[in-house]
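Peer 1: Could you have a look at this structure, given as structure tokens, before my questions?
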Amino acid sequence: MLKCVVINGSPHKGNTYELAKIVMNRMHECGATIEEIHLGQHKIPFCSGCFSCFERGEDACPHHDAVKPIAQAIESADALIVLTPAYSLAPTALLKNMIDHLSYYFHRPRFFGRKALVLSTTAGAGAKACTGYIRNVLGHWGFGRVYTYALACFAALGYTPSAKAEKRLDHLAGCLVRDIKNGRTPRVRLKRVMYYNAWRAMAAVHPESIDGHYWHDSGLARTAFAPQIKLGLIGRLFGALMFRLIKFSMVKFS
């Protein structure tokens, strides 16, 4: 059975949640189980920037007990849906704080082949910037396919999705389910291959680090990109070249 985790970055169930309900209903009809996580109910302290998750592992985070259940839910999901209204042209502080606490996923990506949908609403502007930012973050975490839907609803509260919005959201939910069932993965961009091999090179230069152990133990250190993702000849050659260049530069200038 498909499992979908919904991360609500709003402090309440507002306009963006109205969009999510359409997607959740559609996915439920397709046999998916839905787990909702409302960040406003979790009272996670702000990330202190202590670097413990990078240097000693995520379990060393001073807020580990609050963050771990969310991380475990995301890691167990086939699909992730992220919701945020646009606050001052940006995602909410609740959602940004969660992303900051999970920044070790940049160093130690693991969601290769997973699918996601990002939804954002605004009473004016900023929703598209929000979905673009979150899509980029999830891409660095390893997510291959990230759909987005940004909507200027021109209503602070009480928005009712239009027929056009419902049709689009129903389509996106169907795409998400089909991609998961078919195991479809999009073509990997060379930019993603470059970032992957930058972290891979850093882990190779510092094999004794938490990152080094993760890359070695997961087997990712041996490939130009995640082995479960198809990568063409050009991508493999590009990845190998970037790995060598970045590793050489790090050793030379360290």
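The values are calculated or read from the model by the stated rules, or taken from the named source; none is laboratory data. Model, not experiment: these values are computed from the prediction. Note: ideal-geometry Cβ built from the backbone for every residue, glycine included; neighbour counts use all protein chains shown.
Peer 1: Return the residues of region 45-83 that are hydroxyl-bearing (Ser, Thr, Tyr) and not in a helix (DSSP H, G or I); say none if nothing qualifies.
Peer 2: Initial filter on region 45-83 (hydroxyl-bearing (Ser, Thr, Tyr)): 48, 52, 76.
The answer is Ser48, and nothing else.
Peer 1: Among the residues of region 124-148, how many are farther than 24 Å from Trp199 by Cβ and either at pLDDT 95 or above or not hydrophobic (A, V, I, L, M, F, W, C) (or both)?
Peer 2: Summing the residues that are farther than 24 Å from Trp199 by Cβ and either at pLDDT 95 or above or not hydrophobic (A, V, I, L, M, F, W, C) (or both) in region 124-148 gives 9.
Peer 1: Among the residues in region 155-175, are any over 21 Å from Arg236 (Cβ atoms), free of Cβ contacts under 8 Å to residues at least 24 places away in the same chain, of a type in the set (A, V, I, L, M, F, W, C) and assigned by TED's automatic domain parsing to the domain that holds Cys47?
Peer 2: yes
Peer 1: Can you tell which of Ala203, Ala224 is touching a Gly at 6+ places or on another chain (Cβ under 6 Å), buried (at least 18 other Cβ atoms within 10 Å of the Cβ) and assigned to a helix (DSSP H, G or I)?
Peer 2: Values: Ala224 fails: assigned to a helix (DSSP H, G or I).
Within the list Ala203, Ala224, the selection yields Ala203.
Peer 1: Same structure again: Quick check on Gly212: is it closer than 30 Å to Phe54 by Cα and not assigned by TED's automatic domain parsing to the domain that holds Met24?
Peer 2: yes
Peer 1: In region 36-65, how many are surrounded by 13 or more Cβ atoms within 10 Å (Cβ to Cβ) and of a type in the set (Asp, Glu)?
Peer 2: Qualifying residue count, region 36-65: 2.
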